[in-house]
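Enquirer: Could you have a look at this structure, given as C-alpha cells, before my questions?
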Amino acid sequence: MSTVEDLVEQRTHKDEFFKNHPHSPIPYDQREGFRGLSYYDPNPDLRFVVPLSEHAEKEEFLLETSTEGVRQYIRWGEFRIEIDGEQVVIQAYRADEHELRLFIPFRDRTSGSETYGGGRYLDLEETDREGEAWILDFNLAYNPYCAYSEAYECPLPPGENWLQVPIEAGEKNYEPN
C-alpha cells in the first residue's frame with residue numbers, strides 16, 4: 001500500500017469485480033444486492049518493511065483445504081515482526097521452487113468473529129520489495145474465495161500461522177446483503 005488513496009482505489013476495483021465480473025466468487029443470487037466488502041480502516045502500524053529469513057532447508061509442506069483436501073507448498077521462510085508489543089513469527093510459502101510469489105495464509109485473534117474463521121491471505125510479489133526487504137502489509141489481507149461460496153477449495157492456514165494477536169486490518173467477514 002503506497003497511500004491510503006491507492007488502498008481505497010484497490011478496494012473499489014475489487015468491489016466492482018465481485019459485483020459484476022463473471023468470475024466473481026459471490027454467488028449470482030447475491031450479486032444484485034451486493035454493496036461491497038467490509039474492511040478495517042487503513043492501519044499504517046500493520047505495514048512492515050522487513051527481511052525474509054529464508055529457511056536453509058526448504059521443506060515440502062502440506063496445507064489442508066476447506067474441502068478436506070491437501071495442497072502442497074514449500075515452506076520458504078519466515079518474517080519476524082512486532083505487533084502491539086508481541087513478537088510474531090509468520091511463515092511464508094511458495095507453490096513451487098521457481099515461483100517468485102510468497103503466499104502467507106494466517107489466522108489471528110479476529111478470525112471467526114470479525115474476520116473469516118478459515119483465515120485470510122497475503123500474497124507478496126517481487127514488486128512488494130524495498131531493496132532486500134519485503135513489504136508485509138496486513139491492510140492488504142484478504143479472504144479466500146471459499147469465504148464467499150462453498151464451491152471453492154481454499155488452503156487453510158497451518159497452526160504455525162495462527163497468530164496470538166489481533167490483525168485489525170484488511171478484509172472483514174463477508175455478510176451477504
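Enquirer: Can you give the charge dipole size of region 57-173 about its Cα centre, rounded to the nearest 20 debye, using +1 on the beta carbon of Lys and Arg and -1 on the beta carbon of Asp and Glu?
Expert: 240 debye
Enquirer: For region 72-177, what value does the Rg/Rh ratio take when both radii are computed over Cα atoms and Rh is the Kirkwood radius, given to two decimals?
Expert: Here the Rg-to-Rh quotient is 0.96.
Enquirer: In addition: Within region 55-177, what whole-number % of the accessible surface is contributed by carbon and sulfur, with the 1.4 Å probe and all protein chains included in the calculation?
Expert: For region 55-177, the apolar C and S fraction of the accessible surface comes to 43 percent.
Enquirer: Let me ask another. Rounded to the nearest 500, what is the 222 nm mean residue ellipticity of the chain from helices alone, with -39500 (n - 2.57) per DSSP H run of 4+ residues and division by all residues?
Expert: -3500 deg cm²/dmol
Enquirer: State to the nearest 20 debye the size of the charge dipole of region 1-67 about its Cα centre, where the only charges are +1 on K and R beta carbons and -1 on D and E beta carbons.
Expert: Roughly 320 debye, rounded to the nearest 20.
Enquirer: How large is the accessible surface per residue of the chain, computed with a 1.4 Å probe and reported in Å² as a whole number?
Expert: On a per-residue basis, 55 Å².
Enquirer: Give, in nm to one decimal, the length gained when the segment between Gln164 and Ala56 is fully stretched (0.36 nm per residue of separation minus the Cα-Cα distance).
Expert: Using 0.36 nm per residue and subtracting the Cα-Cα distance, I get 36.3 nm.
Enquirer: Let me ask you something else. Can you compute the radius of gyration and Dmax for region 78-129, using only the Cα atoms, both in Å?
Expert: 12.8, 37
Enquirer: Please report Rg over Rh for region 24-137, where both radii come from the alpha carbon positions and Rh follows the Kirkwood definition.
Expert: 1.00
Enquirer: Relative to the longest principal axis of the C-alpha atoms of the chain, give the angle of the C-alpha long axis of helix 4-20, reported between 0 and 90° and rounded to the nearest 10°.
Expert: Taking the Cα atoms of the chain, the angle to 4-20 is about 50 degrees.
Enquirer: Hey, can you grab everything whose amide H is under 5 Å from the amide H of Phe48? Only 5+ residues off in sequence or another chain; H modelled, so Pro and N-termini drop out.
Expert: Amide H to amide H, under 5 Å and 5 or more residues apart or across chains, Phe48 pairs with Leu136, Asp137, Phe138.
Enquirer: So what are the radius of gyration and Dmax for the Cα set of region 123-177, in Å?
Expert: 13.9, 43
The values are calculated or read from the model by the stated rules, or taken from the named source; none is laboratory data. Just so it is clear, the model here is predicted, and its values are computed rather than measured. Using ideal geometry, Cβ is built from the backbone for each residue, glycine included, and neighbour counts are taken over all protein chains shown. For accessibility, only protein heavy atoms count, side chains too; no ligands or nucleic acids. Shrake-Rupley method; radii C 1.70, N 1.55, O 1.52, S 1.80 Å.
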